[in-house]
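Data block below; observations after.
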Amino acid sequence: MLSTVLPTIGADLGDLDRLSLVVAGYAAAAAISAPAYGRLSDGYGRRRLMLVAIAIYGLGALICLAATSLPTLLAARFLQGIGGGGLMALGHAMIGEALTPRERARFQGYIATLIVTANSLAPLTAGFLVDFAGWRSIFLLGGSLAAISFCLVWTFPPKYIAGPHKRFDFLGFALFTAFVFALLGFVDALRSLVSSHPAHLLVWLAATVGAAFLLVRVERQRREALLPLGILFSPSVWRASAAAACHGGATIALFVNIPIYMRLAHGLSSSEIGVALAPIAIGTCLGSVATGTLVAITGRTAIFPAVGLSIMTAVIGSLALLLPMPPPQQLGFIIGATTIFGGTVMGVVQVTVLAATIPEHYGASAAAVQYSRSLGSAFFAALSTCVFVTTLVATSGLSGDVAIRLLSVGESVSLVGDLAMARMGAELALRSSLSVVALACALGASAMWTLPMRRIES
């Protein structure tokens, strides 16, 4: 939602160059806090931690509402992300405790449908709110929804299974935080590689590898680790989490790069792009609901995302390498039909991870899926963007700075000089980025084809 109104926020608060941190700061905080919520909820209960997460999220939204400077807004968004990190992980864990394994799949499909629908309607809703009430109304809406959610969760009966209270792993949390920040630094350097020095990328890569090495080494030696590596590295859990990361990255990459192509190559407006991309959201919803129903009926799990991601790989790979690029509306329809098969992934991933875990570790396992998806999405989205921008600069005559601004803050196409050359370069850039999407789908399919847990019992 915020991506749509970043230029408006920048015009009001200034400091356009740091606007992307409004989104990135939230994502970083959510990724960092997810395992903490998961681990704490295993000892103190899901409902209690969910109330804390909602309260923090709502408080962050209210501070954003009152922000008069960009630094204040950034701090508030980071606080909001700390709350947001617990919402999805704890929600999935609560579903795992309340339902039988097969019924979980059906409800995971409903949740996936709600998420995709909300993400699809967000740009339209944001544009409407900004036009009639200003950008601050977005945070007023977020705070209001948080208040309603808090009241609803408060009425939940305490059906969680609380384990014994454990000491919190502060060292593991600090190392995980360092790893996330290093990885996000690497991702940002990768995204803007065309306009920055390659040494920056290597520095961030070394920091990421070093932080990951220390994190794994320390967590293996701790009895009450933040990340239960024995569970997270079990074949079913890590393969399911890897599939979630690859699928999330493929989905985000599609939504990031296709709109820029449609603007440059076909001159579509924001509303026209939204209509052209609507089939992507619809396809994901249909796939999620259908897969949840099939899993509930048959008990089979891995076969659906394995086949689905394989079909996505074939179709998107063909668009990238073989087929002529169709007009925008047809492209949206083709990608939308393909994402029906992508909708098979997340419900099965959540069901698989919970089925492979004892109830006392539902929180940590559900959180693992969330931060795997978040970090995987960031990596593959950055990789596809890097490939897109590099190809665009090499074939269109645009400078790296102009290409980055087109991607980051929605700058006008008037920045483009030779529009005809830019349109040709945009098609080649899209084909290159679709190759990355196909690679992500292929890796996800490989993880699901080799998943040991192929079905669940009723």
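No lab work stands behind these numbers, since they all come straight from the coordinates. Bear in mind the structure is a predicted one, so any value in this text is a computation, not a measurement. All Cβ positions, glycine included, derive from the backbone under ideal geometry; neighbour counts span all protein chains shown.
Arrange the following residues from fewest to most other Cβ atoms within 10 Å of their Cβ: H361, H92.
Fewest to most other Cβ atoms nearby, the residues stand as H361, H92.
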Original post:
Hey, with R₀ at 25 Å, roughly what FRET efficiency would R136 and E360 work out to, going by the Cβ-Cβ distance, to 0.05?
Top reply: 0.05
Subject >> Cα-only Debye scattering, the range 194-337: base-10 log of I(q)/I(0) at q = 0.10, 0.11, 0.13, 0.15 Å⁻¹ >> reply: -0.57, -0.68, -0.87, -1.01
**OP:** Decide, for the range 266-334, between rounded, prolate and oblate: order the square roots of the alpha carbon gyration tensor eigenvalues as a ≥ b ≥ c, take rounded if a/c falls under 1.5, and otherwise choose prolate if a/b is larger than b/c, else oblate.
**Re:** oblate
**OP:** Label the range 243-296 by shape, choosing from rounded, prolate and oblate, from the square roots a ≥ b ≥ c of the eigenvalues of the Cα gyration tensor; if a/c is under 1.5 it is rounded, and otherwise prolate applies when a/b is larger than b/c, oblate when it is not.
**Re:** oblate
**OP:** Would you order L226, L321, L254 from fewest to most other beta-carbon atoms within 10 Å of each residue's own beta-carbon?
**Re:** L321, L254, L226
Subject >> Column: log10 I(q)/I(0), Debye, Cα scatterers of the range 259-399, q = 0.16, 0.17, 0.20, 0.22 Å⁻¹ >> reply: -1.01, -1.10, -1.32, -1.43
Original post:
Going by the alpha-carbon gyration tensor, a ≥ b ≥ c the square roots of its eigenvalues, is the range 46-93 rounded (a/c under 1.5) or, if a/c is not under 1.5, prolate (a/b greater than b/c) versus oblate?
Top reply: prolate
Subject >> Simple spin-label estimate for F150 and W449 in nanometres, 7 Å along Cα-Cβ >> reply: 5.0 nm
Original post:
In a shell of Cβ-Cβ distance under 15 Å around A306, excluding A306 itself, what net charge do Lys and Arg (+1) and Asp and Glu (-1) give?
Top reply: +4
Original post:
D12 versus A206, label points 7 Å from Cα toward the beta carbon: distance in nm?
Top reply: 4.3 nm
Subject >> Sorted by Cβ density within 10 Å, fewest first, the residues C246, C151 >> reply: C151, C246
**OP:** Treat each spin label as a single point 7 Å out from the Cα along the C-beta direction, and report the A290 to A394 distance in nm.
**Re:** 3.7 nm
Original post:
Which ³J(HN,Hα) values in Hz, rounded to whole numbers, follow from the phi angles of the range 74-82 under the Karplus curve 6.51 cos²θ - 1.76 cosθ + 1.60, where θ = phi - 60° and Gly and Pro get x?
Top reply: 5, 5, 5, 5, 5, 4, 4, x, 4
